[in-house]
Every structure is written in C-alpha cells, then in structure tokens.
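Working notes for the structure below.
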Amino acid sequence: MGSIRLENVSKSFGETAVIPSIDLDIEDGEFVVFVGPSGCGKSTLLRLVAGLEDTTGGRILIDGKDMTDTPPSKRGLAMVFQSYALYPHMSVYRNIAFPLRMAGVDKAEIDRKVREAARVLNLTDYLDRRPGQLSGGQRQRVAIGRAIVRAPTAFLFDEPLSNLDAALRVGMRLEISELHQSLGTTMIYVTHDQVEAMTMADKIVVLNKGRIEQVGSPLTLYRNPKNLFVAGFIGSPKMNFVTGEEAAKRGAATIGIRAEHIALAPEAGPWHGTIGVVEHLGSDTFFHVTVDGVGPLTVRAGGEAAYGHGARVFLRPDESKIHRFDAAGQAL
Amino acid sequence: MATKKSTRIGRIAVAPSVILLFLWMIVPLGMTLYFSTQRYNLLNPDRSGFVGWLNYRAFLTNPGFTTALVNTLILVGAVLLITVVLGILIAVLLDQPIKGRGFVRLMVIAPFFIMPTVSALVWKNLLMHPVSGFFAWIMRSLGLTPVDWFTHHPLLSIILIVAWQWLPFATLILFTALQSLDLEQKEAAEMDGAGPFSYFFEMVLPHLARPITVVIMMETIFLLSVFAEILVTTQGGPGQQTTNIAFLVYAQALLNYNVGGASAGGIVAVVLANIVAFFLVRLVGKNLEA
Ligand SMILES: Nc1ncnc2c1ncn2[C@@H]1O[C@H](COP(=O)(O)OP(=O)(O)OP(=O)(O)O)[C@@H](O)[C@H]1O
Ligand SMILES: [Mg+2]
C-alpha cells in the first residue's frame, strides 16, 4: 500500500517561501510525475516527501499515517537520485545489499533478493564491479536495484534520466514504466522534460513557482489546460498563442491553438501567411509561418506536405480546438 | 597518460626535475657513504684512512642502538596512532554545522605553524613542568600529586608533544577529504537506514582510506627523524629512554666528535627509513590504487 497525501504543506528556506502551500493526493500504485521549469520546487517537494527536508508547515500522510516528523529511513520510501549516489567503494552487489544489511536481514535472504533484483535489471554479470567501472545506464540500474530490494511503499525519482544520452533515456524510460507495471508500486517521478511526463505518467502535477498549476492525466492536461502556463508547458511543439484582434474576436485576451489543429490550404482560408523555416521529421513536417495580422505560428502537417521557404499559404484553424484564456491567463 | 606517445612526452617533461632531485640527493648521500668508511674523528684528525665496515659494526653493536631503534619505532607508531585517530574524530566534528566553526578550525590548525623547538619549550616549561607547569597546577587543584613528566614518562612526554604538533596536519588533510564526500551519497545512506555509526564506518572511513594513507606516509617520513623536541626537552635521557636513531647519530657526531661513526649511523637511518617505507607502501599502497 502506498497512498501519499500532502495537506497544506509549505516550505521556506529562511525568508524565501519556495513552496507556499500544497495539497495533493496520490493514490496507491499511481505513477505521478512532478513537472515544471527549473527552480520551481520539484526537487524540494520530493525531498519533503522523502523526509530529507523538514516541512515548514502542513502534514504529510503516507498510507494514512502522519509521517511529517518521521525520519527518512522509517517512511518506507526508496529514492533514486539524479547523481545516482552509489557507494563508490562498494561492489554492485554490496551497493544493492546495503539497505537490506542496514535493516538486519539475514545473509541468505540478502543474497536471494540481490540476485533477483540483478536478474530483473540485467546486472547479473556486473555484480562484482565497482560503480566507477559501469556505464551511465548501468549505474542507473544499480540505483534502481538498491531501491527495489527494500520493497518500499513508494519510489521517489529525482530526474533520474537527466545524465543519460537521448537514446538511452528513451530505453530507460521504457524500463522504468515496465518496472512500474510489474511491481504496481506507487512512484513519484520528478522531471523538467514534459515528454517524459506525458509518456510515463498516470497523473501529472504541473508546478510553477512552488504552486500546483494543474493536476490530471496527460491527455486531460493536453486537451483541457486550465491556464496559459499549463497550455504552454505541456505539448511539443509549444502551443501557439495569439493575442490582439484575433483573440478579441473570439471573446478572449489570449487564444491558444496547437500546431496540429491548423490546416494549410493552397487556395482559401481565414488566415494568410508566409512560410519561414521548415522542419522535416519524416513522419511530420513543422512549418513556421508568419501569419499576416496574427504573428508567428507553428503548423504541423504530414510528412508529404511540400511548401518551400517563402511560399504564401492560407491557414484554417480548427475553431472547436481553440483554447481561450482571460487576461489573468485562466482558461474560459 | 594513456598512449605510448603521451607517456614518452611526460617522461621527457619531468626529466630535468628528476635529474636535479637525483643530484640533490645523491651528492650528500655519496659523501656520507664515503665518510662512513673512513676513520674520521675530530678529536684525532691525524688518524684517518679506510676502515671498511668498522664504523657500521661499531654503530650497530653499540648497546644504545637497539634501544634507539625501539624508541624510534614506538615514537613513530604512537604518534601515528594518536594523530590519525584523533585527526579523524576532529575532522568529523569540524564537518558538523556548529557555531564558530571558522574559529575552531583556526585553533586546530595553529600548532602546525609553531616551530618544533618553540613548542617543545612551551610544553616543557609551561605545561609539563612539575612545579610551575599547567598540568601540575591542575593536579594540585584536584588534590593530587603532580606528575614529573620528563623524569617518569619521558618517552610518553615526547610522544605527546610530537603528536600535538602533527595533529593539525592529519586533521587538515582528513577534513579536506571529508568535504569532498558527496552529499547525495549521505542522503542515500540515510534513506537506506544507516545510522550515524553505520554511516561513519561504511561510508566515511572507506572514503578516508586514501587520505589516511597519505597522512601515514608523510608523517612517517618526518617522524623517523624527530630531533629538536628531544634535544630541547630530555637530551635523549634519562639514560637512553628517549634516544631515537636521529638523536643517537647526533650524539655520535657532536658529543663524541666521531664523524665516521655518525655517517655510518646516518646511512643506517636511511636504510631503516627505506625498510619502513617499503612495508608501509605494501601495507597501505593498495588504497592508493583503487
Ligand atoms: N537548501 C536551500 N536553501 C535555499 N534555497 C533553496 C535550497 N534548496 C533549494 N532552494 C531554492 O528553492 C527553489 C526550488 O528548488 P528545487 O531544487 O526544488 O528546484 P527544481 O524544481 O528541482 O529545479 P531543477 O529542475 O533545476 O532541479 C530554487 O529557487 C532554489 O534556489
Ligand atoms: Mg531538481
């Protein structure tokens, strides 16, 4: 069981309130991703849950029990750090065995669990090596191994993939998702990469300056962003925002429309513009179009779409997919 | 330093300094070797000439030699033990977020800047003096009989003085090493359930293995030739109780004016230092490789 509940949790470092006040419910078995720009307080929030930082106010309940003042080792949580934080002088085996040894588990049991974890994580051949002799991905797996042997109530990950190269990151993303499927344990995962958030999460928590902007499933956030910040943060390429006359026409201060909800038309359409940079991704093509009276927009079209730099085109936005925001940035 | 070429360039680059150091070392060593085979007594300069191993035999069979050897080893071993153990403890304490840490650090480093002769004098006259010393005053205040340190525990007194001088060195090196201990690693250990003691023995000590090795090697080199402290305080006595090899050589050369004998003693000291260094490197060298 691993439900986690934050009630009115706040955190200040001296005078600066990094997290003013947060309420959040995490169900047992959920994969929750904290996402937000750098410095918004994701790590701090995770460390509050882990017990590595003391809360300034509020309560943290794990499994319904108040653990606000419980030391980290007693909370039953396991954490994977951004730097992996492996113990450099210990072999992979001893690294993975360490939490069990500290818990006083007997030798035979430790051996069984370590080998089981190593098998799951493809580390069996590396058990005698030191962390310094492993690749980035392998170190990552050792860190995960050290976390899973304890059978924690929940896993906490702080940007675990940010030190890996792009290809490895995609691979590890899948592995962690599979791990979540097979273990069914609650996971909280911190990242500033919205692609990781979209692909892995059951529930995304979008943070901005220590506040929760929106909580919801990836598609909810994608389809119904509550405000400008979430709309701009979730989705790649970024949502197009238009202000001024076009927005006023639709009764809003700002309107937002995603690249795939604008169609390019050769003959006719409500908007008219000039094509700038063209990005071919094979399956898709992104056109950066400067639209007369509207401004620069990104338009997504199929891989075959063939307009060159400087071509004049018409654009037709899908009116039903336009998001409208008031002057304060809230969705209407 | 991976490729053959870069290794060769490296060798060429260090060659001048290596050659200079070699000459620097080899000339005095050569002269000492030469004198050690000569009959050369300043009281009797006319009787000179080659005597072969005689000076060595005289030095090694001198009844004082074994005592001096044992004293040297006890001195080195005890000072190493005290400075390393206390050094680790103080370094760990200094690493804690305590008030006035900067000042405490300065105090801990201070003894290292005091000349050995001066500190020995301070210890002898202000601290350990049986009548006017600070320790004696404490003992009397507690209603106890003051200890006459240099009479009754001469070697221990020397050990305390030398250890006090070398403690800052050990502390400084170990403290610096402690600061490079990864914070996330500490937090990981905390989450893994390691208490303060497990953390110390499982994380801190292994992390300090290398700097401890460095401290032991450096200190040993200097401790084998402790001299000023003995000269200022006990003059090697009472009897032979605080005579180490370095002091024995001095006694030969300047008290007996026997340059040949002193040279032989010096060579013996060099050989001894090499033997100790050899075992030390074997003993702790493993730590430097990892
Ligand atoms: N120990 C500390 N003392 C003072 N301020 C801190 C401390 N730790 C974090 N902060 C501040 O709190 C804010 C949030 O930091 P946090 O590390 O949680 O950001 P983050 O969202 O994890 O960012 P990133 O994506 O860059 O890791 C930052 O403005 C940071 O400067
Ligand atoms: Mg962070």
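The values are calculated or read from the model by the stated rules, or taken from the named source; none is laboratory data. Bear in mind that the values here come from a model prediction, so they are computed numbers and not experimental data. Neighbour counts run over all protein chains shown; Cβ positions are idealised from the backbone, glycine included. The area values use the complete protein model at the heavy-atom level, side chains included, leaving out ligands, DNA and RNA. Shrake-Rupley method; radii C 1.70, N 1.55, O 1.52, S 1.80 Å.
Here is a check on your reading of the model: is A:Asn163 within 16 Å of ligand 1 (Cβ to nearest atom), polar (S, T, N, Q), modelled with pLDDT under 90 and open to solvent by 60 Å² or more (accessible area, probe 1.4 Å)? Answer is yes for this residue.
Of the helices (runs of 4 or more DSSP H) entirely within the stretch A:210-287, those holding at least 1 residues that are charged (D, E, K, R) occupy A:218-223, A:245-249. Here A:Met187 fulfils each of the conditions (1) touching a helix residue (DSSP H, G or I) at 6+ places or on another chain (Cβ under 7 Å); (2) within 16 Å of ligand 2 (Cβ to nearest atom); (3) in contact (Cβ under 8 Å) with a residue 60 or more places away in the chain apart from (2). Every condition in (1) modelled with pLDDT of 90 or more; (2) within 16 Å of ligand 2 (Cβ to nearest atom); (3) open to solvent by 40 Å² or more (accessible area, probe 1.4 Å) holds for A:Arg101 except the one numbered (2). Out of all the residues in the stretch A:172-184, is one or more more than 14 Å from chain B (Cβ to nearest Cβ) and within 16 Å of ligand 2 (Cβ to nearest atom)? The answer is no; no qualifying residue exists. Filtering the stretch A:44-64 to residues that are more than 11 Å from chain B (Cβ to nearest Cβ), within 14 Å of ligand 1 (Cβ to nearest atom) and open to solvent by 40 Å² or more (accessible area, probe 1.4 Å) leaves A:Asp54, A:Thr56. Within the stretch A:16-36, the set of residues being near ligand 1 (Cβ under 7 Å from one of its atoms) and within 13 Å of A:Glu213 (Cβ to Cβ) comprises A:Gly36 only.
Here A:Thr199 meets the list (1) closer than 30 Å to A:Gly308 by Cα; (2) in the same structural domain as A:Arg47 (by TED's automatic domain parsing); (3) among the hydroxyl-bearing types (Ser, Thr, Tyr) almost entirely, failing just condition (1). The set of residues in the stretch B:115-152 that are loosely packed, with under 15 Cβ neighbours inside 10 Å and among the aromatic types (Phe, Trp, Tyr) comprises B:Phe134, B:Trp137.
To keep it simple, each residue is scored yes or no on (1) open to solvent by less than 10 Å² (accessible area, probe 1.4 Å); (2) away from ligand 2 (no atom under 16 Å from the Cβ).
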{"residue": "A:Ser12", "(1), (2)": "no, yes"}
{"residue": "A:Asp23", "(1), (2)": "no, yes"}
{"residue": "A:Asp66", "(1), (2)": "no, yes"}
{"residue": "A:Tyr84", "(1), (2)": "no, no"}
{"residue": "A:Ala97", "(1), (2)": "yes, yes"}
{"residue": "A:Arg115", "(1), (2)": "no, yes"}
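Screening B:Val51 on (1) surrounded by 10 or more Cβ atoms within 10 Å (Cβ to Cβ); (2) modelled with pLDDT under 75 shows it passes everything except condition (2).
Considering only residues that are in a loop (DSSP other than H, G, I, E, B), open to solvent by less than 40 Å² (accessible area, probe 1.4 Å) and at the interface with chain B (Cβ under 8 Å from one of its Cβ atoms), which ones fall in the stretch A:68-82? Within the stretch A:68-82, A:Phe81 is the sole residue that qualifies. Quick check on B:Ala189: is it modelled with pLDDT of 80 or more and farther than 30 Å from B:Gly237 by Cα? Criteria met by B:Ala189. One residue alone among A:Val142, A:Val170, A:Val195 is in a helix (DSSP H, G or I), out of contact with any Lys or Arg (no Cβ under 6 Å at 6 or more places or on another chain) and within 16 Å of ligand 1 (Cβ to nearest atom), and that residue is A:Val195.
Out of everything in the stretch B:187-210 that is within 18 Å of A:Gly76 (Cβ to Cβ) and assigned to a helix (DSSP H, G or I), what residue ends up being farthest from the other protein chains (Cβ to nearest Cβ)? Among those that are within 18 Å of A:Gly76 (Cβ to Cβ) and assigned to a helix (DSSP H, G or I), it is B:Ala189. State whether the residues of the stretch A:227-236 include one that is away from ligand 1 (no atom under 16 Å from the Cβ), closer than 23 Å to A:Ser3 by Cα and crowded, with 16+ Cβ neighbours inside 10 Å. No, the stretch A:227-236 contains no residue that is away from ligand 1 (no atom under 16 Å from the Cβ), closer than 23 Å to A:Ser3 by Cα and crowded, with 16+ Cβ neighbours inside 10 Å. Scanning the stretch B:229-240 for residues that are within 18 Å of the chain's Cα centre (by Cα) and open to solvent by 30 Å² or more (accessible area, probe 1.4 Å) gives a single hit, B:Leu231.
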